[in-house]
Amino acid sequence: MILTAKDISFRYSKKDREILSGFSLEVSQEEVVGLVAPSGFGKTTLCKILAGYQKPDRGEVLLDGKPLSGIKGPCPVQMIWQHPEQSVNPRLRMREVILEGDNIGQDIIKGLGIEEDWMNRYPAELSGGELQRFCIARALGKSTGFLLADEISTMLDLITQSQIWHFLLEETRRRHIGLIAVSHSSALLDEICTRKIELQR
Amino acid sequence: MKNGRKTILEIKNMSISFKQYAEKKGTKQIDLPVIRDLSVTIKEGEMVAVVGSSGSGKSLLAHGVLGLLPYNGKMEGKISYCGKPLTPKKVEKLRGNEIVLVPQSVSYLDPLMKVGAQVRGGRKDAAAKERSRELFRRYGLEESVEDLYPFELSGGMARRVLICTALMKNPKLVIADEPTPGLHLEAARQTLSDFRAIADQGAGVLLITHDLELAMEVADRIVVFYAGTTIEEASADDFRQEDTLRHPYSRALHRAIPQNGFGYIEGTQPYVKDMPEGCPFGPRCEGFCEECQKDIPWVKSGNGYVRCIGSLEAGRMRA
């Protein structure tokens, strides 16, 4: 599969500047693409558009040439958000949060170091790092073809960051999942990416 | 060098525990110890970083000092502020004025209040307006941001708004709880050097972070925190090479920096309910031995402190 962003433009309100204007990108499933830009430049907005959470004003997102919005069932482009505490339902136990994903395998849960005891807890009873492991697992469903990682390790300590990225790189390589990683740390992107793109105003 | 300076905050043997129901059903309650035996001292003009893995209880340290623990939290130990005990009554008066918190998450902002009013804390006078505009300029926020609601901010903008809020008063003690995630490197450096500048003007800064690399750049001393316990305290310089570090966990942190090999060790830090006897890092440590399962003292080692039997032995061998 090839994920294409074609000539995407977007602004939040008519008064505002265009956050994205005429942005294009093509990513294959063998790639790890790093996205770099200062904060407020529209990285998260771009991820939301690519994952189908937000409609662009102009342009389109295509999967193998077909519009992403036309796909039925679980979206093959999954996004992992920057703030895990804001991306899980606070009133669901973690066992149910995992069920929101598309058939998440035990090997993924093991590989991310999620402990059985965490499953019975509510999101407020877990730390950011522990929650983020669930959010990553939830995005790695059976039908996932592309993964958007929006600053997923900024809240983690160095060892956990390294653990999680080693797991993600191996999992995506094995399953041929294309990866787009947003990060402010160029040292991290140098370590994990096959190529880097800089967003500009 | 800093001996003549006044101590602003002294935390001695702080422990924090939470009351929880033991089982899913039933009324039996247990105390979950989340922080054990933590001691940190911050002097005037000093920036101390507490660095630890996520879930190690770092944020609770800040909330404990500020008296913001939830109803089922219990704190023990001694906290003094400028030489006098910091009582709950006193901290209630001081927080937001002399003692400020830069919280970790953007969810600390009031979602129904415009950013400008929020930064000014409800004040409408010209001085407050002037001060907030000045801070906005310094942090590269446009004036129009004042009229936005928190949900309209990007992650990095929200973080800068939180920092502006804290700096509205001239604080003596700034507790910054993970102020940098989501900021690009330049902005993160800028933020931390702003905190550094606050320290250089005489305030004490307690920086709570997981970002060892940035802490090394700006802090005077670094305290490493693991599973609710301090395991090492060292000068920032000691963190530049692996050799000068005393605890195996600090050394593993050093190796996990992307430029230093991006290595990792297996496992996660233990959950409070199944904390191992003795050293909490024991199950992940190469040098684990029987001695590690006993109580391990916090001992002076060179210009720092360490809580590790292996490091003690190594020290003895060298001596």
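Summary of values
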quantity	calculated
Selected residue (only one of B:L214, B:L206 is under 19 Å from B:L9 (Cα atoms) and not in a loop (DSSP other than H, G, I, E, B))	B:L206
Odd one out for A:E198, checked against (1) more than 9 Å from chain B (Cβ to nearest Cβ); (2) of a type in the set (D, E); (3) touching a strand residue (DSSP E or B) at 6+ places or on another chain (Cβ under 9 Å); (4) more than 25 Å from A:D7 (Cα to Cα)	(4)
Tally, over region B:258-272, of residues that are assigned to a helix (DSSP H, G or I) and more than 7 Å from chain A (Cβ to nearest Cβ)	2
The listed residue being surrounded by 19 or more Cβ atoms within 10 Å (Cβ to Cβ), within 18 Å of the chain's Cα centre (by Cα) and over 27 Å from B:A252 (Cβ atoms), out of A:R133, A:R175, A:R138	A:R138
Residue count for region B:111-144, restricted to those that are part of a loop (DSSP other than H, G, I, E, B), more than 19 Å from B:L66 (Cα to Cα) and within 27 Å of the chain's Cα centre (by Cα)	5
Exclusive hit being of a type in the set (S, T, N, Q), assigned to a helix (DSSP H, G or I) and within 13 Å of another protein chain (Cβ to nearest Cβ), set A:S162, A:S153	A:S162
Residue in region A:89-96 that is in a helix (DSSP H, G or I) and crowded, with 22+ Cβ neighbours inside 10 Å present	yes
Number of the condition not met by B:K169 [criteria: (1) more than 10 Å from every other protein chain (Cβ to nearest Cβ); (2) modelled with pLDDT of 90 or more]	(2)
Subset of region B:177-219 that is more than 9 Å from chain A (Cβ to nearest Cβ) and polar (S, T, N, Q) - its residue that is farthest from B:R138 (Cα to Cα)	B:T209
Failed criterion for B:R159 (all others in (1) modelled with pLDDT of 85 or more; (2) outside any loop (DSSP other than H, G, I, E, B) hold)	(1)
Selection status of B:L185, closer than 25 Å to B:L245 by Cα, assigned by TED's automatic domain parsing to the domain that holds B:V91 and out of contact with any Gly (no Cβ under 6 Å at 6 or more places or on another chain)	no
Among residues of region A:122-143, those that are over 16 Å from B:S107 (Cβ atoms), at pLDDT 90 or above and touching a helix residue (DSSP H, G or I) at 6+ places or on another chain (Cβ under 8 Å), counted	6
Pairs, first assigned to a helix (DSSP H, G or I) in region A:175-201, second of a type in the set (A, V, I, L, M, F, W, C) and surrounded by 21 or more Cβ atoms within 10 Å (Cβ to Cβ), C-beta under 7 Å, six or more apart	A:L189/A:A181; A:I192/A:V32; A:I192/A:W165; A:I192/A:A181
Close pairs from region B:62-79: first in the same structural domain as B:V50 (by TED's automatic domain parsing), partner in a loop (DSSP other than H, G, I, E, B) and not polar (S, T, N, Q), Cβ under 7 Å, at least 6 apart	B:H63/B:L69; B:M75/B:L69; B:I79/B:L86
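Per-residue answers, yes or no, for (1) without any contact (Cβ under 8 Å) to a residue 12 or more places away in the chain; (2) within 14 Å of another protein chain (Cβ to nearest Cβ):
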{"residue": "A:E116", "(1), (2)": "yes, yes"}
{"residue": "A:P123", "(1), (2)": "no, yes"}
{"residue": "A:S127", "(1), (2)": "yes, yes"}
{"residue": "A:R138", "(1), (2)": "no, no"}
{"residue": "A:T144", "(1), (2)": "no, no"}
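Residue-wise test of (1) within 14 Å of chain A (Cβ to nearest Cβ); (2) free of Cβ contacts under 8 Å to residues at least 12 places away in the same chain.
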residue	(1), (2)
B:G96	no, no
B:V102	no, no
B:S107	yes, yes
B:L112	no, no
B:G116	no, no
B:D125	no, yes
B:R131	no, no
B:Y139	yes, no
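The values are calculated or read from the model by the stated rules, or taken from the named source; none is laboratory data. This one's a predicted model, so the numbers in the text were calculated from it and none came from an experiment. With ideal geometry, Cβ positions are generated from the backbone for all residues, glycine too; neighbour counts draw on all protein chains shown.
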